[in-house]
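The values are calculated or read from the model by the stated rules, or taken from the named source; none is laboratory data. Please read all numbers here as calculations on a predicted model, not as lab measurements. Here the Cβ positions follow ideal geometry from the backbone for every residue, glycine too, while neighbour counts run over all protein chains shown. To get the accessible areas, we keep the full protein, side chains included, count just its heavy atoms, and leave off ligands, DNA and RNA. Shrake-Rupley method; radii C 1.70, N 1.55, O 1.52, S 1.80 Å.
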Amino acid sequence: MTSAEAVREPARATVTNGSGAPMLIGMIWAQTPDGVIGKDNDMPWHLPEDLAHFKRVTMGHPVIMGRKSWDALPERWRPLPGRSNIVLTRDRSWRAEGAIAVHSLQDALEAASQAVRGTDPQDTGTAADAAKVAAAATSASGNEVWIIGGEKVFVDAVALANVAIVTEIDLHVEAGDAFAPKLGSEWVRDSVEPAQGWSQSKADLRYRISRYSKR
């Protein structure tokens, strides 16, 4: 996946909302039990309940995605409504209506922070078009930013994120080519729904949703 340049430390204690409080930096994805999150730049399943869950979690907050994840969104859903859409790309000439183009994960997080504050970054270099940032800021709220893919963006973000929400789908996918990041021992599972077994989708798939936080 098109993604950020090398992540620069230190970690994101300096990413704050308008009140100066540290922001929740979350990752959200769906995967099979063996970690597949995609195939041929698409999700190899249709799970309406997870789409509704994704919308509930991310609505009103900035979302960060790679260029290929943006391209994979159906055109009618681009940009994702009610959210500032921040897109990581190495192509400095890339533009898309409704997207805030950035070129590193650090800049993506700064653009998200400024969107939450409702400020215009002007010449900070965090966005391709400051006017788009200012317009997108009107849809941002609260204290959260959500990283939504793809694989390389997740891998880069693991060190900086403090929450992960994972939908596990009871499905085997042949020849999956995009995989979930590995959550190390510093990550703990706070909750799983349902507490035992699986939920049943109307799409005839079983699934469960876990929330992890970093110690």
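Placing pseudo-labels 7 Å out from each Cα toward the beta carbon at His172 and Asn143 gives an inter-label distance of 4.5 nm. Ranking Phe179, Phe154, Phe54 from most to least accessible surface, computed with a 1.4 Å probe over the protein chains only, gives Phe179, Phe54, Phe154. Near Asp71, once Lys and Arg are set to +1 and Asp and Glu to -1 for all other residues with Cβ below 13 Å from its Cβ, the sum equals -1.
Close amide H pairs (under 5 Å, H built 1.01 Å from N) link Ile147 with Gly26, Met27, Ile28, Ile64, residues at least 5 positions away or on another chain. Remark: spin-label model distance Ser210-Ala52 equals 2.4 nm, labels positioned 7 Å along the Cα→Cβ axis. Spacing of the modelled spin labels on Gln200 and Asp91, each 7 Å from Cα toward Cβ, amounts to 4.6 nm.
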